[in-house]
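The values are calculated or read from the model by the stated rules, or taken from the named source; none is laboratory data. Since the model is a prediction, treat every value here as computed from it, not as a measurement. Neighbour counts are summed over all protein chains in view; Cβ atoms, including those assigned to glycine, are modelled from backbone coordinates with ideal geometry. SASA here: full protein model, heavy atoms, side chains in, ligands and nucleic acids out. Shrake-Rupley method; radii C 1.70, N 1.55, O 1.52, S 1.80 Å.
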Amino acid sequence: MLERTLSSPHLPVRPKVSNVMRDVLLALLPGIAIYTAFFGIGVPVNLVLCALACWGFEALFLKLRSRPLWPFLSDGTALVTGALLALALPPYAPWWVAVLAAGFAMSLGKHLYGGLGYNPFNPAMVGYIVMLISFPEAMTRWPDPQPLWTDSAGLGQQLAAIGGARVDALVGATPLDHIRTQLLLNNTLGEIQEHRVFGLLAG
């Protein structure tokens, strides 16, 4: 059901999305919990950085477009964009990657086309793609899965990586690279898939 959010006749009609966005955020919680369990504090840090940055950039671009802030800041779309963006970024990408990605997501992905309901692309994925093209080295620093209960990667190392320090100990092979290397060592696929990079359950 559509509602006119403001009385001004030149503003577009947009769907009521607050409840939908809340449900999307709630649906992300189980995945976020598992993601955090395997990759550590970088996941919630990215979530906070991206959510705050998306919300801030949303306010900035609304102000530049002379639109009222609260009806749009309270609908939850900026927070959902921030959450999706954070979950797509490497957990230990430097902090500025999250902030820049949020800026590109909200500017090029959303407000450039007129805002909510007019963007042809997912804003979070626009931010991700711009960063992947612009900073491929920072965007491909994926850590090896380090379950929290093994305590194999220290909190100090994780925070140093987010702060921008180069911490090679956190970096590991991707699943495909691991398979390629292990096949060259004459290991079977069954043996290879026992590695933690493939998770606890097949598929």
Some residue of the stretch 93-109 being without any contact (Cβ under 8 Å) to a residue 40 or more places away in the chain and farther than 25 Å from L159 by Cα: yes
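So, of the residues in the stretch 70-104 that are touching a Cys at 6+ places or on another chain (Cβ under 6 Å) and open to solvent by less than 10 Å² (accessible area, probe 1.4 Å), which turns out to be farthest from S18 (Cα to Cα)?
A98
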Among the candidates L108, L189, residue that is within 17 Å of the chain's Cα centre (by Cα), at pLDDT 80 or above and surrounded by fewer than 18 Cβ atoms within 10 Å (Cβ to Cβ): L108
G31 vs. criteria surrounded by 20 or more Cβ atoms within 10 Å (Cβ to Cβ), at pLDDT below 95 and under 27 Å from A160 (Cβ atoms): no
Residue, farthest from S66 (Cα to Cα), within the stretch 115-125, restricted to residues that are within 19 Å of the chain's Cα centre (by Cα) and open to solvent by less than 30 Å² (accessible area, probe 1.4 Å): A124
